[in-house]
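The structure appears right after this line, and notes come after that.
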Amino acid sequence: MTFNPAPTDLSGKIAFVTGACGGIGAATVAHFEALGATVFATDMAASFDGPATYRRIDLLNPTDLDACCAWISEVKPDILFNNAAIFGMGSVLEAGDLAQYDLLFAVNVRAFYAVMQAAAKSMVANGQRGSIINMASQAGHRGEALVAHYCATKAAVISYTQSAALALAQHKVRVNAISPGVIDTPMWASVDALFAKFEGKAIGQKKREVGLAVPLGHMGAPEDVARAAVFLACDQSAYMTAQTIGVDGGNVLR
Ligand SMILES: NC(=O)c1ccc[n+]([C@@H]2O[C@H](COP(=O)([O-])OP(=O)(O)OC[C@H]3O[C@@H](n4cnc5c(N)ncnc54)[C@H](O)[C@@H]3O)[C@@H](O)[C@H]2O)c1
């Protein structure tokens with residue numbers, strides 16, 4: 001038997017990260033950079049706090065989305081961390097629900113898909129054995145009464161991950177997804193406020209409840225997800241594709 005620990009070293013690798021200013025995005029940029037990758041980062045915020053080359057891109061804006069895809073073909077990433085997304089809540093019985101459908105699918109599925117496609121085309125054209133990491137969610141594995149659209153967008157991410165992985169396997173490009181559980185990021189301020197509105201809870205109550213309900217007993221940190229991203233980005237996971245890894249403290253059993 002041989003012992004063959006593949007390195008987590010990412011030096012010489014180029015990584016492209018969307019949603020870089022968010023909790024999970026910023027932690028992942030920092031991890032990729034610490035392991036030697038050159039990182040190109042985007043978000044809709046005006047600036048990014050870190051050494052990555054940053055461009056402001058609103059994925060909802062068609063011109064910006066085109067510019068993002070063109071930038072990907074320019075920088076030729078070995079790693080894509082396809083992470084930007086938005087959350088929304090509402091019962092399926094609510095009027096005006098299709099506006100939220102359009103918004104969530106525009107960012108979480110349409111822009112997500114365009115970015116993944118741009119990276120896939122670039123990796124194949126340049127003969128890179130790339131790694132695409134898509135951001136799903138535990139919400140993509142099970143519907144929720146008040147979170148229908150967000151759950152559906154994340155189920156779509158899991159499905160696209162599988163289809164893309166099978167299409168790109170012949171080119172040695174790997175495609176996997178991460179399904180975080182409840183991770184303490186800025187997104188949770190809005191999630192908590194929405195649960196307060198829809199379930200009549202006090203501010204902070206839902207966040208406390210979901211943390212305590214996790215089998216490991218607490219919410220995850222952005223770094224917990226960043227470490228899974230590193231694993232999927234590097235050769236440690238060289239024989240893994242089409243998978244969705246749960247980083248959720250035991251919330252979802254597969
Ligand atoms: N925090 C959690 O508990 C949790 C759980 C499961 C999945 N996720 C997923 O993890 C990913 C990161 O989430 P996070 O918790 O770090 O949230 P976050 O809100 O901190 O980060 C998301 C980032 O996406 C960016 N973004 C949103 N819309 C955009 C647009 N139109 N154009 C460009 N950028 C846009 C935001 O500006 C933000 O910086 C998301 O895909 C989210 O769905 C998070």
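Distant-in-sequence amide contacts of residue 90, defined by a placed amide H-H separation under 5 Å and a gap of 5 or more residues or a different chain, comprise 147, 148. Here the extension length gained between residue 73 and residue 61 equals 2.5 nm, from 0.36 nm per residue of separation less the Cα-Cα distance.
Subtracting the Cα-Cα distance of residue 208 and residue 221 from 0.36 nm times their residue separation leaves 3.3 nm of extension gain. Database remark: amide H of residue 246 closer than 5 angstrom to the amide H of 179 (H placed geometrically; neighbours at sequence offset of 5 or more, or on other chains; Pro and chain starts carry no H).
Taking K and R as +1 and D and E as -1, what net charge do the other residues with C-beta under 13 Å from the C-beta of residue 210 add up to? For residues surrounding residue 210, the net value is -2. Taking every lysine pair in the chain that is 8 or more places apart or spans two chains, those with Cα atoms closer than 29 Å amount to 16. Each peptide in 203-211, 22-30 receives the mean, over its residues, of other Cβ atoms within 10 Å, and ordering these scores from highest gives 22-30, 203-211.
Relative contact order of the chain: 21 percent, from C-alpha pairs under 8 Å at least 6 residues apart in sequence. Given their separation in residues at 0.36 nm each and the Cα-Cα distance between them, residue 117 and residue 8 gain 36.7 nm when the chain is fully extended. Between 0 and 90 degrees, the angle of helix 148-168 with respect to the longest Cα principal axis of the chain falls at about 20 degrees. Helix 222-233 axis versus longest C-alpha principal axis of the chain: approximately 30°, rounded to the nearest ten. Compared with the dominant principal axis of the Cα atoms in the chain, helix 23-34 is inclined by about 20°. Here the stretch 117-154 and the stretch 201-250 have alpha carbon centers that stand 16 Å from each other. With each label modelled as a point 7 angstrom along the Cα→C-beta vector, the residue 162-residue 92 pair spans 2.0 nm. FRET efficiency for the pair residue 126 and residue 196, taken as 1/(1 + (r/R0)^6) with r the Cβ-Cβ distance and R0 = 45 Å, rounds to 0.40. Phi angles of the stretch 67-79 translate, via the Karplus equation with coefficients 6.51, -1.76, 1.60 and θ = phi - 60°, into HN-Hα couplings of 5, 5, 5, 5, 5, 4, 5, 6, 7, 6, x, 8, 10 Hz per residue; Gly and Pro are given as x.
Every read-out reported here was derived from the displayed coordinates using simple, explicitly stated rules and does not represent laboratory data. Model, not experiment: these values are computed from the prediction. All Cβ positions, glycine included, derive from the backbone under ideal geometry; neighbour counts span all protein chains shown.
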